[in-house]
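First the structure, in the form of structure tokens, and then the observations on it.
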Amino acid sequence: MLTDFFQHLVGSFPALLKGAGYTVLVALLSMGLGLLLGLFVCLGKISKERFLRVLCSGYIDVFRGTPLLVQILFIYFGFPSLLQQLFGQPFPFDPLVAGTVAFTLNAAAYIAEILRAGISSLGKGQLEAAESLGLSYIQAMRFVILPQALRRMIPALGNEFVTLLKDTSLLSAIAVTEIVKEGRLYISRTYAAFPTYFAIALLYFVLTFIATRIFNRLEERFKIHD
Amino acid sequence: MIEIRGLQKSFGELKVLKGIDFAVSSGEVVCLIGPSGSGKSTLLRCINLLDTPNQGEISLEGKSYQTLPKEVKELRSEVGMVFQHFNLFPHLNVLENVMLAPAKVRQLEDGPLRELATKLLREVGLADKAAAYPGNLSGGQKQRVAIARALAMQPKVMLFDEPTSALDPEVVGEVLAVMKQLAKGGMTMVVVTHEMGFAREVADRVVFMADGKIVEEGPAREFLANPQTERAKAFLGSELK
């Protein structure tokens, strides 16, 4: 019984590690792209243009107000089917790409709100000081506001990244061979559910543990002494 | 140098400035005094358009400035501002604080700019703090860095918004000393202050504001020794006690 457990724990690991590659890839890509998109969504939400504000608030509300799994299914199954109806030919969508798109769009909504909180925590004195020196709004954002806001955001971004890592398990629903999917494939061959799910949980734990440490380091490294 | 005509400013329903005409000539040091809420800070902030006036005209050296982004930017690069709460950039060290705006706005080269910044820090007595971060400075030191930072843009006018109000009494003197030195050097200055001693000693002219209007103005010593209006008398009486 015990030898069985360890045998499957070890036996499932190569497949799970391969899956972990996709997990980390999707998480990193979505985090990076989400930061970029989130930045624009955030700037839109705090802009003076009413149209941009409404658009970006709407974006945030939609992506935070609907389940991630639904978003993934919508993008992977929903959109290609709509395009197929419109243009009369199939639109195959790589599940990995669809998944990354879904995660990026979702992460951007959360990151935009994290950024907004970071910026508003600075108070208006910093922006005024920068603008009083003749810097344009964009320059003030780039050289004064965002460097500070990003530093303050590091813990919250760490949380977001850990959430992202764990949520990639949802991609098993669209056949991306990430950790969970690989695990289930292994179980279907061996019927070893307990040791495999144990290994899956362990692997996620190790990944999030490492990510948390890295973000703690970053936080320490970029601390502003004020 | 600066000319303001018919300036009006409201925040929502509240009328803060009710028609201000105000001029400062080149090399002049003007102190704006008056009770809290009289609109003196708002007037100062309208001069570099940090607050946008509802009505009125602002011109610098004969050029009238509108609230178009490009003009606002140009005006601000000619007008230095020092804030009550310093507003130094905490993620940059002292030298970087001073160098940021001239590098990005004036596109000065690094070598000459570094020289200029070092010279300015020497003038405010902080050459040895160039590598320090604002978080490690005292209030007085922060404010002196803020003055150097504004001067680095080589402005034509310097605005001071209650520059000593947030300071411990013991360091007020060092900031005022830097401002005196600046005035002596011929800088055009507009200073919102409660430091009557500074006004008496350094200002050429004192402008007394109350309820969004200029109530009385005159040469500093004369005005402070012998105000004409009841409002100014009452204010100065309470300030001196």
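Quick note: the coordinates plus some simple rules give every number you see, no bench work behind them. None of these values were measured; they are calculated from a predicted model. Using ideal geometry, Cβ is built from the backbone for each residue, glycine included, and neighbour counts are taken over all protein chains shown.
Laid out as a table, the results:
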| item | result |
| --- | --- |
| Signed unit charges on C-beta, dipole axis of the protein assembly as shown, positive-most listed residue A:86, A:112, A:161 | A:86 |
| For the stretch B:164-224: rounded, prolate or oblate by the Cα gyration tensor [a/c cutoff 1.5] | oblate |
| Long-range amide H partners of residue B:16 with built H, under 5 Å | B:9, B:10, B:11 |
| Footprinting exposure proxy for A:177, A:196 (fewest neighbouring C-beta atoms within 10 Å first) | A:177, A:196 |
| Label-point separation, residue A:198 to residue A:61 (7 Å along Cα→Cβ), nm | 4.9 nm |
| Under-5 Å amide H pairs with residue B:82, H placed in peptide plane, nonlocal only | B:159, B:160, B:161 |
| For the stretch A:129-171 and the stretch A:186-226, distance of Cα centres in Å | 24 Å |
| Ranking of B:43, A:52 by count of other Cβ atoms within 10 Å, fewest first | A:52, B:43 |
| Placed amide H near residue B:152: partners under 5 Å, 5+ positions off or other chain | none |
| Least to most buried among B:179, B:209 (fewest other Cβ within 10 Å first) | B:179, B:209 |
| Separation of alpha-carbon centers, the stretch A:67-83 and the stretch B:78-133, rounded to whole Å | 52 Å |
| Net charge of Cβ neighbours under 10 Å - reference residue A:45; Lys, Arg +1; Asp, Glu -1 | +1 |
| Of B:1, A:143, B:215, farthest towards positive along the dipole that unit charges on Lys, Arg, Asp, Glu beta carbons give the protein assembly as shown | A:143 |
| Anisotropy class of chain A from Cα gyration tensor, a/c 1.5 cut | oblate |
| Around residue A:21: net Lys/Arg minus Asp/Glu count, Cβ-Cβ under 12 Å | -1 |
| Rounded to whole Hz, the Karplus (6.51, -1.76, 1.60) HN-Hα couplings of the stretch A:184-197, x for glycine and proline | 5, 5, 5, 5, 5, 7, 10, 6, 8, 5, 4, x, 5, 5 |
| Simple label model, 7 Å out from Cα along Cβ direction - residue B:238 to residue A:85, nm | 7.2 nm |
| Gyration tensor verdict on the stretch B:101-201 (Cα atoms; rounded if a/c is under 1.5, prolate if a/b is larger than b/c, oblate otherwise) | oblate |
| Farthest positive-ward along chain B dipole, Cα basis, beta-carbon charges - from B:227, B:206, B:133 | B:133 |
| Under 11 Å, Cβ to Cβ, from residue B:21 - net charge with Lys/Arg +1 and Asp/Glu -1 | -1 |
| Choice from A:129, A:193, A:102 showing the highest fluctuation, given a GNM over chain A with Cα pairs closer than 10 Å | A:129 |
| Calculated from backbone phi, Karplus (6.51, -1.76, 1.60) coupling profile of the stretch B:220-235 in Hz, x at Gly/Pro | 3, 4, 4, 4, 5, 7, 8, x, 8, 7, 4, 4, 5, 4, 4, 5 |
| Karplus (6.51, -1.76, 1.60) ³J(HN,Hα), θ = phi - 60°, over the stretch B:83-93, in Hz, Gly and Pro reported as x | 9, 4, 9, 6, 6, 5, 8, x, 8, 10, 6 |
